[in-house]
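Step one of this worksheet: look at the structure below.
Read-outs: derived from the displayed coordinates by stated rules, not from any lab. All values reported here derive from a predicted model rather than from experimental measurement. Because the Cβ atoms are built from the backbone with ideal geometry, glycine has one as well, and the counts that use them run over all protein chains shown.
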Amino acid sequence: MIEVKIESIRISLMSPNQVIILKELDGERCLPIIVAKPEGDAITFKLNHMEVLRPLSFDLAASIIESLEAKISHVLIKDLRNNHFFASLHFQGDSGEAEIDCRPSDGIAIAVRVSCPIFVEDDVMQKASIRQPGASASADGDAVDDVGAFNDFIGSLDLGDLDEDDTNRPA
Amino acid sequence: MVEVKIDAIRVTMMGSRAVILKDAESNRYLSIWIGETEANSISVQLQGYSLARPITHDLIVSIVRDMGASVRHVVVCDMREETYYARILIVNRDGKELSIDSRPSDAIAIAVRCDCPIYVEDEIMDKHSLVPEEETATLADDDIGAFKDFLGSLDLDDLDKK
């Protein structure tokens, strides 16, 4: 099991869904999980300490957990099948550890409310993780390679034309 | 407390949802605006759809059951500044009653999964419920006079000839 933290929650301009990026604590791998808007919002609200007038479904879940004195030990992203992630909520029951099947979005929304760690199974991380999206390029030789296509494009421009051809100027 | 049944979930043209609760004993209705997600959650359960994955309210009910607790009832208990308030009464494994603050939508979504009663406080029902107007009695001849005139003016013999 690999412990992760919520690196970011990203919205798409093309769909109402959101993407939660879970980043491993001891490494650079990230696991993107697509979640629906209500669950994404519920996670964002809590992380940003935004006050809501009335408890959201997850606030209710958290207050039920607290009232029942359930000790949630962790949330686990345990499987990936048919393009769906499966998660589970783990807690200390009467007879040892119990687990409840849940969607990752629900598990994460509860984890941020009861302040428990989030883990990802090793093989899920291996199958579905990506390198950190949008990581800034390091300032070494690789960086120049990364922008090679852009350099080529710059080189292909005939900047001498700029002054001579007024028609291309923005109005 | 008045026991109510879920009469309907309505969607307005603007996309807002309301759950309509009907007094189990009389012809009074209480309409409460709820969110789309919660409305869907109540609908899928009432219609007996089985979803591929548990949704949030399924998870909440699993937590309650796995902790050896049960939901006794839910009650819409207050209305302040245009907002309804509810409470969920949970009995823990030691038989102790816990009353938990909730939005009515979440409380109802949980009630339909636990098959437990839904109540509304008397005061709320008295103040905010609606009684539908009596259906108009059978139409009198006068009311359909214009329609009768129209029928009389038709030359139905023409029908066969054409």
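Computed over Cα pairs, the Kirkwood radius of the range B:35-162 leads via Stokes-Einstein (1.306 mPa s, 10 °C) to a diffusion coefficient of 84 µm² per second. Remark: B:T83, B:T12, A:T44, B:T37 ranked as B:T12, B:T83, A:T44, B:T37, counting other beta-carbon atoms within 10 Å and listing the fewest first. Fewest-first ordering of A:V75, B:V131 by other beta carbons within 10 Å of each residue's beta carbon gives B:V131, A:V75. Inter-chain Cβ neighbour count for B:65-78, averaged per residue, equals 2 (cutoff 10 Å, partner chain atoms only). Bridging of A:K5 to lysines at a Cα separation below 30 Å is possible for A:K23, A:K37, A:K46, A:K71, A:K78, A:K127, once same-chain residues fewer than 8 apart are set aside. A full extension of the chain between A:L47 and A:N151 corresponds to an added length of 33.4 nm, given 0.36 nm per residue minus the alpha carbon distance. Legend: mean number of C-beta atoms from other chains within 10 angstrom of residue C-beta atoms, peptide A:102-112, equals 3. Quote the Stokes-Einstein diffusion coefficient, in whole µm² s⁻¹, for the range A:36-123, based on the Kirkwood radius over alpha carbon pairs, a temperature of 37 °C and a viscosity of 0.692 mPa s. Translational D for this selection: 242 µm²/s.
Tally Lys/Arg at +1 and Asp/Glu at -1 over every other residue whose Cβ is under 13 Å from the Cβ of B:Y84; what's the total?
That works out to -3.
Note on the protein assembly as shown: antiparallel DSSP beta bridges, both residues inside, total approximately 90 percent of the bridges counted. Taking the centroid of alpha carbons for each part, the range A:81-134 and the range B:6-33 are 37 Å apart. Legend: Rg and Dmax of the protein assembly as shown, from Cα coordinates, 29.3, 96 Å.
For the range B:43-162, the relative contact order works out to 21 percent when only alpha carbon pairs closer than 8 Å and six or more residues apart are counted.
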